[in-house]
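What follows is a short report on a single structure.
The values are calculated or read from the model by the stated rules, or taken from the named source; none is laboratory data. This is a predicted model, so every value here is computed, not measured. No Cβ is skipped: glycine too gets one built from the backbone with ideal geometry, and neighbour counts run over all protein chains shown.
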Amino acid sequence: MAKKKRHEEIDWTDEDEEIIWVSKSEIKRDAEQLKKLGDSLVNLTSANLAKIPLDDNLKEAIELAQRLRLEARRRQIQYIGKLLRNIDPEPIQEALDKVENRHQQQLALLQKLEVTRDQLIEQGDSALNTLLEEYPTLDRQHLRNLIRGANKEKELNKPPKNYREIFQYLKSTILE
């Protein structure tokens, strides 16, 4: 028996229906990216997690994954990635970037404060005057006493109590 072939004509002139071919590899890459996003969400603290817009199912899945360990955690993260495929991950990614960037900014500020503290101890009044121009709310006398004490501790090989106090004072005053 011979098979009859049908020849159907397809109208390719319709521009509204555009066919987008997605390769299997691209689908896998997207799924892996969403799984990494889910892993990042699982590693957040509960305070930072509250800042991210999540639906109830996703939030419950993340909280469960935070309690799990080893293989169970890995499977739960895969499940979170699957849940993320069904929603728009852009707002979640943007909120996560903001949370992580805030953390990076805070680390950079703390490192800057450490450098400032070292400059105050090494350069003395010249560095203090420069710092007071930038932050006029700082107490000059208190800082001078702490700098003097830090230099004495350094000379006498004592524990760096004043050295730490300078950092704490700068941190508390400048961050507020």
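Assorted remarks:
- The set of residues in the range 141-176 being surrounded by 14 or more Cβ atoms within 10 Å (Cβ to Cβ) and touching a residue at least 24 places away in the same chain (Cβ under 8 Å) consists of 143, 147, 150, 151, 163, 166, 167, 169, 170, 171, 173, 174.
- All helices (runs of 4 or more DSSP H) inside the range 15-73 with 3 or more residues being of a type in the set (A, V, I, L, M) and either touching a strand residue (DSSP E or B) at 6+ places or on another chain (Cβ under 9 Å) or under 17 Å from residue 87 (Cα atoms) (or both): 24-42, 56-67
- Looking at 113, 120, 107, 138, just one residue is under 30 Å from residue 47 (Cα atoms) and either assigned by the TED database to the domain that holds residue 48 or in contact (Cβ under 8 Å) with a residue 24 or more places away in the chain (or both), and that residue is 113.
- Candidate set from the range 120-140 (those that are of a type in the set (Gly, Ala, Ser) and surrounded by 13 or more Cβ atoms within 10 Å (Cβ to Cβ)); member that is nearest to residue 171 (Cα to Cα): 127
- Some residue of the range 103-111 being surrounded by 15 or more Cβ atoms within 10 Å (Cβ to Cβ) and out of contact with any Asp or Glu (no Cβ under 8 Å at 6 or more places or on another chain): no
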